[in-house]
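Student: Sharing a structure with you now.
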Ligand SMILES: *Cc1c(COP(=O)(O)O)cnc(C)c1O
């Protein structure tokens, strides 16, 4: 018989009896960190389920912090289920990997988010999934491209960089008619500009999957990378959840905490950046160096009528749009002069992403990003502006001084 001994200090610091009282409540929910989750007994090991969020089994499969964030994001998008991924791109690729197999075909809009196109034509093609792109401004073009092998259609409203706003309801209808699953990259709409699962506001038409780069507006700080995959359909969620689990995707507790901190101000930030961006877009439209302004809420922009129909009635009739738009700098200015304009900006800093406090600028070579040059774009160089939370008059003065310095205007 061995005598029970008092455990030594190392052991006592790990196996400690004190439990703080329950009932603590604060504004910011607690941040739970874990790989290992402890079980009281083997019966609990066998009974616990993470799939339906009724309990906890392993950190990768969810903690109170990630469950909470998932539920709030599902509410934001008008969905019933949510999965978190370590980036927006990881959320996009997870949807494709979970839903597609060898021999299947996926369709994407010509103005799709560039890295999604690269993944579809790269890794996904190497695994035997074919792809083709469609004209997002023509639902009949999409309908004509759906084949017996088409299993997934990507949607984006508006498209990345060139900002064409599609007839989302028309595109979804074309897919529904053929029983094809639709997945929307809803980063721009952010769950605020329109309801992705209720496009006609009568509960009858919506996308099947919404993907959101939380990196942008929901994080709001330019400091967190994360993505979400939301759905209403339980069976579809299960397929996505299985793929997500097998890929081993998870998010850090501190990043989830940052999202939980930023979500309460999401709508205020989105709206403030919208107001500022529209003021700047309207002013830029009057500037001689600017050949075209690509902002879906501005009359004359590609797909403006579709934006008006889908988003125009929200927010007391003025509609909502992200604080992101592009301008085409007139073709009489060289690429080097457009670079000089970007370099001359002091408040708009050079960098990718958007939705944070700092305004950003980036020049794009649209011809290199597309299979065909879009006919609705004026000749010239596309420069994208992401409007932050700085004072809008300071931002306008910054654009004016940079145009004067680079273009002599
Ligand atoms: C940024 C972005 C993504 C990807 O998000 P990351 O977190 O940077 O991977 C996907 N789609 C759109 C439209 C984006 O703007």
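All of the numbers you see were taken from the coordinates with simple rules; none came from a lab. Computed from a predicted structure; not experimentally measured. Don't worry about glycine lacking a Cβ; one is built from the backbone with ideal geometry, like all the others, and counts go over all protein chains shown.
Student: So between residue 238 and residue 331, what do we pick up on full extension, going 0.36 nm a residue minus the alpha carbon distance? All intermediate terms of the calculation are to be shown ahead of the outcome.
Tutor: Working: separation 93, 0.36 × 93 = 33.48 nm, distance 5.00 nm.
Going from the current span to full extension adds 28.5 nm.
Student: Can you give the Rg to Rh ratio for region 2-139, taking only C-alpha atoms and Rh from Kirkwood?
Tutor: On the way: Rg = 22.9 Å, Rh = 19.7 Å.
Value, to two decimals: 1.16.
Student: Would you calculate the separation in nanometres between label points at residue 404 and residue 178, each defined as 7 Å from the Cα along the Cα-to-beta-carbon direction?
Tutor: For the pair residue 404/residue 178, the computed spacing is 5.4 nm.
Student: Further, regarding this structure: What is the gain in length, in nm to one decimal, between residue 19 and residue 148 on full extension, counting 0.36 nm per residue of separation less the C-alpha to C-alpha distance? Before the final figure, lay out the partial values.
Tutor: Numbers: separation 129, 0.36 × 129 = 46.44 nm, distance 5.94 nm.
Additional length available on full extension: 40.5 nm.
Student: Between residue 101 and residue 138, what is the label-point separation in nm under the 7 Å Cα-to-beta-carbon projection?
Tutor: It works out to 3.4 nm between the two label points.
Student: Here's something else I'd like to know. In terms of the ratio Rg/(2.2 N^0.38 Å) built on C-alpha atoms, what value belongs to region 42-264? Present the calculation step by step, with values, prior to reporting the outcome.
Tutor: Details: Rg = 17.1 Å, N = 223, 2.2 N^0.38 = 17.2 Å.
Ratio of Cα Rg to 2.2 N^0.38 Å: 0.99.
Student: For region 265-407, compute Rh as the Kirkwood radius over C-alpha pairs and then the Stokes-Einstein diffusion coefficient at 4 °C and 1.567 mPa s; write the answer in µm²/s, rounded to an integer. Spell out each step's value before the answer.
Tutor: On the way: Rh = 15.5 Å.
So the translational diffusion coefficient is about 84 µm²/s.
Student: Which angle between 0 and 90 degrees, to the nearest 10, do you get for helix 168-177 versus the longest principal axis of the chain when only C-alpha atoms count?
Tutor: Computed tilt is about 60 degrees.
Student: Against the 2.2 N^0.38 Å scaling, with N counting residues, where does region 216-262 land? I'd like the Cα-based Rg ratio to two decimal places. Display every interim value, and only then the final one.
Tutor: Numbers: Rg = 12.7 Å, N = 47, 2.2 N^0.38 = 9.5 Å.
In units of the 2.2 N^0.38 Å rule of thumb, it is 1.34.
Student: Taking the Cβ of each residue in 274, 371 as the centre, tally the other Cβ atoms inside 10 Å and list the residues starting with the fewest. Before the final figure, lay out each step's value.
Tutor: On the way: 274 22, 371 8.
Fewest-to-most Cβ neighbours within 10 Å comes out as 371, 274.
Student: Kirkwood hydrodynamic radius (Cα pairs, Å) of the chain? Provide the component values of the computation, followed by the final result.
Tutor: Values: mean 1/r = 0.0436 Å⁻¹.
Computed over the chain, the radius equals 22.9 Å.
Student: Using r as the Cβ-Cβ distance of residue 343 and residue 285, and R0 as 35 Å, what FRET efficiency do you calculate, to the nearest 0.05?
Tutor: Working: r = 23 Å, r/R0 = 0.66.
It comes out at approximately 0.90.
Student: Helix 253-262 sits at what angle to the longest principal axis of the chain, using alpha carbons and giving 0 to 90 degrees rounded to 10?
Tutor: 50
Student: In vacuo Debye scattering of region 1-53, one point per C-alpha: log10 I(q)/I(0) at q = 0.20, 0.24, 0.28 Å⁻¹?
Tutor: -1.13, -1.17, -1.15
Student: On to the next question. Label point 7 Å out from residue 272 along Cα-to-Cβ: which residues of region 381-396 have amide N under 19 Å?
Tutor: Zone members listed by number: 386-396.
Student: Quick check: Cα centre of region 95-173 to Cα centre of region 335-391, how many Å?
Tutor: Value for the Cα centre distance between the two parts: 24 Å.
Student: So how tilted is helix 266-284 from the main axis of the chain? Cα-based, degrees 0 to 90, rounded to 10.
Tutor: 10
Student: Computed over the Cα atoms of region 113-245, what is the ratio Rg over Rh, Rh following Kirkwood? Show your work: numbers first, answer last.
Tutor: Working: Rg = 14.8 Å, Rh = 15.7 Å.
My calculation puts Rg/Rh at 0.94.
Student: Between residue 71 and residue 202, what FRET efficiency comes out of the Förster formula 1/(1 + (r/R0)^6) with R0 = 25 Å and r the beta carbon distance, rounded to 0.05?
Tutor: Values: r = 25 Å, r/R0 = 1.01.
My answer for the efficiency is 0.50.
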